[in-house]
Amino acid sequence: MLQIIKDDAARAQFIHSGASFLHTQLAPQLEHTMLHATRSMLDEENQARILQTFAPHGQEKTYHAVLTIVEKMKKEDARARTLETLAPYIPTKHLASFYSSVHTLQNPQWRTQILVRRAAIASEAELAQLLETALTTQDAKWRGNLLEALIPGAPETDLTRILDAVMLPHTILQQLRLLHLLVPRMPDGFFPTLWTAIVTNTDESQALWILRTLAPNLSPTLFMHTWEATLQIKPAKTRTAMLAILAPHTPTSYFKQVWDMLPSLFSTYNYWKVLENLADRVPVTELYAFFTSIETVRQEKLQVDILVRLLPHALEILQPQLTTAFFEQIWQHLLNLHSANLRARLLIPLISHLPQSLLAGVWEIYDQIDDLDLRLAVLKTLIPSMTQEQLAEIQRDVLRAGSALQRLEIIEVLVDYLSAEACESLLQELLSAQSIQTYLQDFSQFPAGKYWQVRIITILVTYLPEQPKRVFSTELLSLRAMLGTEEDQLWVLTHLAPKLPEDLYQPLLQALWSLQSKHHQDQVLTALQSTLTPTGWSQLLDLVVQHMRETDDPYVVVQLFKQAPTWVAQSTTATLYPILLETLHLLARQTRREALTALAVLMSAINQAGGEKSVLAAGSAALEVGIWWP
């Protein structure tokens with residue numbers, strides 16, 4: 001097959017799809033064929049695809065030939081991707097050749113990725129040799145690549161030597177990456193070396209850059225050493241900049257000690273910004289003092305920024321101790337804000353904690369919000385907190401609320417909290433006892449209005465009791481031409497599909513196949529998978545196979561198998577085998593490229609029906625019956 005089929009790209013894809021089901025080493029004859037076919041390919045991308053596919057399945061002696069092919073590749077990205085895939089499988093005897101190939105890559109990121117993958121499975125002896133190379137090589141970039149691979153998994157006994165290697169000459173970027181990896185593993189005694197790495201940079205911006213990268217990873221003790229050392233820096237501007245970087249990462253165990261210093265270390269505005277960065281990590285013992293400090297912030301937006309970060313954390317801790325008076329006080333503060341959107345931002349973390357007496361006032365704030373994302377965020381937070389009486393009130397008013405878009409956004413959230421009967425009542429009120437078709441005809445001159453109404457109807461239909469759902473779903477599926485553009489139809493179908501009764505799969509498929517875009521068809525099938533049952537899968541298969549027989553179109557089966565891999569994997573040989581026979585018979589009439597693309601999708605079904613032997617046999621059979629290919 002590999003020699004007869006000349007379409008390299010499709011051939012590589014076909015081989016890739018089958019090899020993913022292999023679990024044993026390749027037989028010598030198949031290895032020979034694979035290597036011969038790879039050498040004959042003109043495009044190195046296709047060569048790389050084949051070698052990557054078979055990387056886990058080669059015999060030890062094969063890797064020498066594979067590395068030889070890789071070394072001859074002119075495209076660095078193809079060479080690098082192949083080496084990265086090969087990395088975990090290279091036998092010890094071929095490591096010298098492997099590392100030599102990695103070293104020749106010009107892109108340092110590729111080199112590091114490959115070395116990291118190899119280091120994850122390397123023996124202690126191999127890792128020790130890599131560390132020796134890092135310490136002795138004169139190539140700073142190569143040393144950096146090796147260290148990036150070694151640091152995450154190096155034994156603690158090697159950290160001192162690794163730190164020595166990190167402090168050797170590197171570019172500032174490379175040293176920064178290495179320190180970023182090393183700092184979380186540093187014993188506290190390494191502080192002098194760490195501080196040297198930070199302050200010996202003559203360029204102040206580089207020193208700040210290093211500190212900004214390392215600060216989130218400092219242990220509590222290293223943090224405090226760094227904080228105390230920073231306090232001794234003489235240029236006030238540099239000291240303030242460094243403290244501002246460190247402060248947001250203050251460990252809980254040192255919070256009070258650092259907190260008490262802050263007002264004397266920063267200007268008023270910078271102090272406020274530090275408050276914002278600290279807000280979501282304030283320990284319970286300092287919450288009262290922190291709230292008091294927020295009262296000094298005179299900028300509305302900044303004050304809200306701080307509170308939005310503080311409240312989720314603080315309310316969770318303090319909820320049992322908070323009184324209605326506290327919430328009334330913060331509610332009054334919220335109402336005094338000048339911006340409706342700022343009120344909304346502050347409202348979101350409060351809603352689920354507000355007493356019922358204040359919840360009624362949320363709707364007034366909601367109506368004033370002009371940012372759609374904020375409106376939805378408030379709504380999604382508000383509705384779960386409402387009583388049944390409040391939900392009933394929303395249900396009564398929702399179809400008269402604002403614009404169609406506003407009604408849609410409310411209904412999208414509300415339906416999860418209404419009974420099926422309540423959703424049916426809403427739909428009947430919307431339609432005024434008309435059919436969907438008659439109702440939508442009233443919008444023939446107002447396509448924008450129909451756009452939103454179709455969505456409202458669709459959402460409500462999916463939440464109806466079973467019998468009304470069946471009736472209205474059938475009508476929606478039959479009216480697809482009235483639903484708007486293909487994108488509008490797609491929206492309806494993807495929302496209906498997971499909620500449809502199984503006896504409506506046939507009209508769903510007819511609607512799906514009427515879409516011009518294969519991508520849109522795939523989206524509907526994907527949406528259907530989330531609620532598919534074994535019975536539904538069996539029915540879906542029967543309908544698709546019947547359609548294939550009626551149209552001689554094998555791609556409907558290919559499309560279904562592609563979008564339902566989980567169900568294919570759960571199907572029996574008795575189910576899949578006859579379907580594969582019919583599908584392959586029809587594929588034999590297609591062009592080589594079309595058939596190969598389809599076969600790549602079907603390989604999972606071939607594997608499920610006959611196992612690894614069938615996957616291998618598929619390749620052999622294609623070689624023997626090459627006359628099938630036009």
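The values are calculated or read from the model by the stated rules, or taken from the named source; none is laboratory data. Every value quoted in this text rests on a predicted model; they were computed, and no experiment measured them. Virtual Cβ from ideal backbone geometry, glycine too; neighbours counted across all protein chains shown.
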Pair list, Cβ < 7 Å and 6+ apart or interchain, from region 479-490 residues that are closer than 16 Å to G449 by Cβ to residues that are of a type in the set (A, V, I, L, M): M482/L440; L483/V454; L483/V492; G484/V454; D488/V454
Condition met for Y271 (of a type in the set (F, W, Y), at pLDDT 90 or above and assigned to a helix (DSSP H, G or I)): yes
Residue check, D188 of a type in the set (D, E, K, R) and touching a Ser or Thr at 6+ places or on another chain (Cβ under 6 Å): yes
Tally, over region 65-78, of residues that are part of a helix (DSSP H, G or I), surrounded by 14 or more Cβ atoms within 10 Å (Cβ to Cβ) and not acidic (D, E): 6
Residues satisfying the stated conditions in region 203-240, i.e. modelled with pLDDT under 90 and either in contact with a strand residue (DSSP E or B) (Cβ under 7 Å, 6 or more places away or on another chain) or of a type in the set (F, W, Y) (or both): W209
Number of the condition not met by G484 [criteria: (1) at pLDDT 90 or above; (2) touching a Pro at 6+ places or on another chain (Cβ under 8 Å); (3) surrounded by 14 or more Cβ atoms within 10 Å (Cβ to Cβ)]: (1)
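Examine region 516-533 for a residue that is under 33 Å from the mean Cα position of the chain (by Cα), acidic (D, E) and within 27 Å of A569 (Cβ to Cβ), and state whether such a residue exists. Let's see the steps before the verdict.
Initial filter on region 516-533 (under 33 Å from the mean Cα position of the chain (by Cα)): 516-533.
Still in the running and acidic (D, E): 522.
Then keep just the ones that are within 27 Å of A569 (Cβ to Cβ); that gives 522.
Yes: region 516-533 contains one or more residues that are under 33 Å from the mean Cα position of the chain (by Cα), acidic (D, E) and within 27 Å of A569 (Cβ to Cβ).
Sort out which residues of region 572-596 are under 33 Å from the mean Cα position of the chain (by Cα) and surrounded by fewer than 20 Cβ atoms within 10 Å (Cβ to Cβ), and write them in order of number. Lay out the reasoning, then the answer.
Of the residues in region 572-596, the ones under 33 Å from the mean Cα position of the chain (by Cα) are 572, 576, 593-596.
T572, R593, E594, listed by residue number.
It is to be established whether one or more residues within region 188-199 are out of contact with any Leu (no Cβ under 8 Å at 6 or more places or on another chain), under 23 Å from E84 (Cβ atoms) and among the small types (G, A, S). Please lay out each step first, then the result.
Pass one, region 188-199, residues out of contact with any Leu (no Cβ under 8 Å at 6 or more places or on another chain): 189, 192, 195-196, 199.
Narrowing the set further to residues that are under 23 Å from E84 (Cβ atoms) leaves none.
Taking every residue of region 188-199 in turn, none turns out to be out of contact with any Leu (no Cβ under 8 Å at 6 or more places or on another chain), under 23 Å from E84 (Cβ atoms) and among the small types (G, A, S).
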Checking A448 against (1) modelled with pLDDT under 90; (2) aliphatic (A, V, I, L, M); (3) touching a helix residue (DSSP H, G or I) at 6+ places or on another chain (Cβ under 7 Å), the condition it does not meet: (3)
Condition met for K469 (surrounded by 13 or more Cβ atoms within 10 Å (Cβ to Cβ), of a type in the set (K, R), modelled with pLDDT of 90 or more and part of a helix (DSSP H, G or I)): yes
